[in-house]
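The structure that follows is given in the form of structure tokens.
The values are calculated or read from the model by the stated rules, or taken from the named source; none is laboratory data. Because the structure is a prediction, the values reported are computed rather than measured. Note that we place each Cβ from the backbone using ideal geometry, even for glycine, and neighbour counts take in every protein chain shown. When the accessible area is computed, the model is the full protein with side chains, heavy atoms only, and any ligands, DNA or RNA have been set aside. Shrake-Rupley method; radii C 1.70, N 1.55, O 1.52, S 1.80 Å.
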Amino acid sequence: MDNLLAPIKSFLGCETPDAWIALASEPAHLSALLVDHCNCELKAAQTAMFLIRKYAVDKSSGETLLAWAKPYEEFVYHRDRDLQAFLARGGKKNELAAELKPKTGFAHGEDLIAKMVRLIKEEFHHFEQVLEIMAARGINYQNLSAGRYARGLMAKVRTHEPATLVDKLIVGAFIEARSCERFAKLAPHMDEELNRFYVSLLRSEARHYQDYLSLAEAIAGEDISERVAFFAALEAELILSEDTELRFHSGSPAEAGVSCH
């Protein structure tokens, strides 16, 4: 685990505050943490899917991607969701219906598609795993407001191409790296089932961060260390500054307490 986490720790600008670990480890906050973790898995898949659709494939392949996401999005966004029916579909819903065809004019299309499709498949699977854990514990899925973390990072993405894509990929690398770091920090404080589950996620999260970063470097075609350093400082500021809501990527708990709603 130390070898796996070493590059993650050097990439991130700070470690998760102990106060966040202490709060997130409290049994009273477990339901909210699992629900937000579930949401994060879906958002990660949706983000990767958006990148493929916008930059790498034609409309037909884009429709194939949307159909892949449909069962997951219907479950989350419909109030009359049926957890057991969703889980009963098993791996059938986690299958891409057709091969995606790269569109011409984007030299990195095949690489982006290959890396992001693998990421999407894994994030969908993780989404299902969290739901199964919740169901076994009698925790109902519910809609939670998004935290400020991802929004704060995306607000600083440049608005001209290819800089926009490069920055979005760097942001993706930081989100995945932070997820990996937090799973590792939380695992020892969780019960045996969640400890095993969080540890099992580390390898894929570490690879996702590396995939995002390697794509950013390849597409930029130049040294991106300055932009990485910029987002490292911004990400660390979001993690270390006080937050009034507990989310999987929230900042240090505010002294006045936090809300889980």
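Around Asp58, with a cut-off of 12 angstrom between Cβ atoms, what is the net charge of the other residues, counting Lys and Arg +1 and Asp and Glu -1?
Net of charged neighbours comes to +4.
Would you mind checking which residues have amide H under 5 Å from Glu245's amide H? H placed 1.01 Å from N; only 5 or more apart, or other chain.
The list, which skips near neighbours in sequence, is Ser259.
Pick from Glu122, Glu181, Glu217 the residue whose mean-square fluctuation is largest in a GNM of the chain, springs joining Cα atoms under 10 Å.
Among Glu122, Glu181, Glu217, the largest GNM mean-square fluctuation belongs to Glu217.
Now for a separate question. Under 29 Å Cα-Cα from Lys59, which lysines qualify once same-chain neighbours fewer than 8 residues away are excluded?
Answer for Lys59, where 29 Å is the Cα cut-off: Lys43, Lys70, Lys92, Lys93, Lys101, Lys103, Lys115, Lys121, Lys156, Lys168, listed by chain and number.
Out of region 141-196, which trypsin sites (Lys or Arg not before Pro) are coil in DSSP terms and have no more than 14 other C-beta atoms within 10 Å?
Qualifying residues, ordered by number: Lys156, Arg158.
Using 0.36 nm times the number of residues separating Ser214 and Glu237, minus their current alpha carbon distance, what extension gain do you get?
Full extension of this stretch gives 5.9 nm more.
In addition: What translational diffusion coefficient, in µm²/s and rounded to a whole number, does the Stokes-Einstein relation yield for region 143-248 at 37 °C and a viscosity of 0.692 mPa s, taking the hydrodynamic radius as the Kirkwood radius over Cα pairs?
This corresponds to a translational diffusion coefficient of 220 µm²/s.
Could you calculate the FRET efficiency of Ser60 with Gln142 from 1/(1 + (r/R0)^6), where r is the beta carbon distance between them and R0 is 35 Å, rounded to 0.05?
Working: r = 36 Å, r/R0 = 1.02.
Efficiency computed from Cβ-Cβ geometry: 0.45.
Using amide H atoms built 1.01 Å from N in the peptide plane, name the residues 5+ places from Leu100, or on other chains, whose amide H lies under 5 Å from its own.
Residues meeting the amide H criterion: none.
Here's another thing I want to ask about it. With a sphere of radius 14 Å drawn around the Cβ of Val157, what net charge do the other residues whose Cβ falls strictly inside it have (Lys, Arg +1; Asp, Glu -1)?
Neighbourhood net charge equals +3.
Follow-up. For His189 and Arg89, what does the FRET efficiency come to when R0 = 45 Å and r is the distance between their Cβ atoms, rounded to the nearest 0.05?
0.85
With no solvent and one point per C-alpha, what does the Debye sum give as log10 I(q)/I(0) for the chain at q = 0.09, 0.11, 0.16 Å⁻¹?
-0.40, -0.61, -1.31
Please work out the C-alpha center-to-center distance from region 139-200 to region 35-81 and express it in whole Å.
Using only Cα atoms, the two centres lie 16 Å from each other.
What dipole magnitude, in Debye to the nearest 20, does the chain give about its Cα centre under +1 on Lys/Arg Cβ and -1 on Asp/Glu Cβ?
740
Can you give the charge dipole size of region 177-261 about its Cα centre, rounded to the nearest 20 debye, using +1 on the beta carbon of Lys and Arg and -1 on the beta carbon of Asp and Glu?
Values: 8 positive and 16 negative charges, 60 e Å.
Dipole about the Cα centre, nearest 20: 300 debye.
Please build a GNM for the chain, connecting alpha carbons under 10 Å apart, and tell me which residue among Gln210, Gln142, Gln84 fluctuates the most.
Top of the fluctuation ranking is Gln84.
Where in region 96-140 does the amide nitrogen come within less than 15 Å of the point 7 Å from the Cα of Ala67, taken along Cα to Cβ?
96-101
Further, regarding this structure: Using Cα-Cα distances under 8 Å and only pairs 6 or more residues apart, what relative contact order does the chain have, in percent?
Values: 302 pairs, mean separation 74.3, N = 261.
About 28 percent, as a whole number.
Can I ask one more? Tell me, what % of the accessible area of region 13-53 is carbon and sulfur with a 1.4 angstrom probe? Let's see the in-between values first.
Details: 830 of 1420 Å².
Reported share for carbon and sulfur atoms: 59 percent.
Would you calculate the separation in nanometres between label points at Glu15 and Arg81, each defined as 7 Å from the Cα along the Cα-to-beta-carbon direction?
With each label placed 7 Å out from Cα toward Cβ, I get 3.4 nm.
Net charge within 15 Å of Pro7 by Cβ-Cβ distance, Lys/Arg positive one each and Asp/Glu negative one each, not counting Pro7 itself? Don't skip to the answer; put the middle values down first.
Numbers: positive: Lys9, Arg178, Arg203, Arg207; negative: Asp2, Glu15, Glu176, Glu181, Glu205, Asp211, Glu217.
Charge balance in the 15 Å sphere: -3.
Also, quick follow-up: Could you state the accessible area per residue of the chain in Å², with a 1.4 Å probe and every protein chain left in place?
For the chain, the solvent-accessible area averages 48 Å² per residue.
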